[in-house]
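Bear in mind that the values in this text are calculations on the coordinates, not laboratory data. Bear in mind the structure is a predicted one, so any value in this text is a computation, not a measurement. Every residue, glycine as well, gets a Cβ built from its backbone with ideal geometry; the counts of neighbours run over all protein chains shown.
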């Protein structure tokens with residue numbers, strides 16, 4: 001791992017033990033330790049680390065997230081934050097939960113997992129999965145939202161902070177408007193993009209209306225908003241699946257949240273243990 005000049009090391013986790021923190025300070029030859037309070041997790045900034053040998057192994061063994069944060073990357077420069085919905089903003093994959101009510105949860109979940117790993121084409125996988133839902137009453141969508149959907153830890157705190165600094169927010173999803181519209185109202189999200197399920201006589205037809213929101217569509221929406229709102233600041237993208245990779249590649253700061261290995265390998269930072277508000281600690 002390269003050590004950028006003047007970058008501080010951020011260590012964070014649900015609970016960071018003081019003895020572990022001291023070991024990491026000694027391991028990295030950091031000049032000092034500063035507690036961080038932006039997020040609900042335990043977080044510390046280690047100033048002026050000189051050596052990162054063994055850091056990855058130590059943090060993985062202890063269950064801590066870590067990141068090198070340059071001093072010029074300040075939170076007040078963030079202008080746009082975009083994120084995926086399923087398994088990122090929320091803890092579930094909505095289509096898998098809908099399918100479970102149809103008695104085909106395992107079948108659909110297997111297709112979803114393969115698509116998120118990038119093993120199969122997302123557009124084809126979505127068409128196949130939605131087709132399996134034909135005939136399901138629309139009330140099933142409301143059941144999933146009311147009974148199974150939960151925000152990821154730290155989501156509300158992240159959005160509250162972003163509103164406070166005036167950053168624009170985008171929820172961009174290969175999922176469905178039924179859920180993104182409700183989450184938009186709940187969290188005061190500025191922009192959303194997602195798929196529209198075709199519904200006739202109160203039942204799903206097994207089709208999607210209009211163009212499918214895939215990786216290319218996600219990236220295009222992000223690029224357009226970044227050009228409008230983040231030309232004088234920073235754009236941030238957060239995701240977990242292969243269809244988020246083009247969007248993540250366009251961001252000034254990209255974050256893999258509880259992500260597939262392929263995404264973690266290509267994102268600038270990874271959060272595997274902290275909640276979404278851990279993103280706030282990736283800025284000075």
> With the calculation restricted to Cα positions, what are the radius of gyration and Dmax of segment 149-210 in angstrom?
Replying inline: 14.0, 44
> Using a Gaussian network model of the chain with C-alpha springs under 10 Å, which one of 133, 183, 17 is most mobile by mean-square fluctuation?
Replying inline: 17
> What is the log10 of I(q)/I(0) for the chain, computed with the Debye formula using one identical point scatterer on each Cα and no solvent, at q = 0.09, 0.12, 0.14 Å⁻¹?
Replying inline: -0.44, -0.75, -0.98
> What does the convex hull of the alpha-carbon atoms of segment 41-187 project to on average, in nm²?
Replying inline: 11.7 nm²
>> Tell me the mean residue ellipticity at 222 nm calculated for the chain from its helices only (DSSP H runs of n ≥ 4, each -39500 (n - 2.57), averaged over every residue, nearest 500).
In response: -10500 deg cm²/dmol
> Taking the Cα centre of each part, how many Å lie between segment 1-62 and segment 184-198?
Replying inline: 36 Å
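What order do you get for 8, 42, 121 when you list them from fewest to most C-beta neighbours inside 10 Å? Don't skip to the end; give the middle numbers.
Values: 8 21, 42 18, 121 15.
Ascending Cβ contact count within 10 Å gives the list 121, 42, 8.
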> In Å, the Kirkwood hydrodynamic radius of segment 8-71 over pairs of distinct alpha carbons?
Replying inline: 11.5 Å
> Quick one: what does P(r) look like for segment 90-157 with 5 Å bins over all Cα pairs, in whole %?
Replying inline: 3, 17, 25, 22, 18, 10, 4, 0
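When a/c reaches 1.5 or more, the comparison of a/b and b/c decides; with that in mind, is segment 210-254 rounded, prolate or oblate per its Cα gyration tensor? Working shown, then result.
On the way: a/c = 3.26, a/b = 1.41, b/c = 2.31.
It is oblate, given that a/c is not under 1.5 and a/b is not larger than b/c.
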>> Of the candidates 237, 114, 251, which one comes out as most mobile in a Gaussian network treatment of the chain with C-alpha springs shorter than 10 Å?
In response: 114
>> Connecting C-alpha atoms closer than 10 Å in a GNM of the chain, tell me which of 144, 213, 236 has the biggest fluctuation.
In response: 144
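Which percentage, to the nearest 5, of the DSSP beta bridges contained in segment 138-272 is antiparallel?
Values: 4 of 15 bridges.
Of those bridges, close to 25 percent are antiparallel.
Which percentage, to the nearest 5, of the DSSP beta bridges contained in the chain is antiparallel? Intermediate results must be reported in sequence, preceding the final value.
Details: 21 of 41 bridges.
Of all bridge pairs located within the chain, approximately 50 percent are antiparallel.
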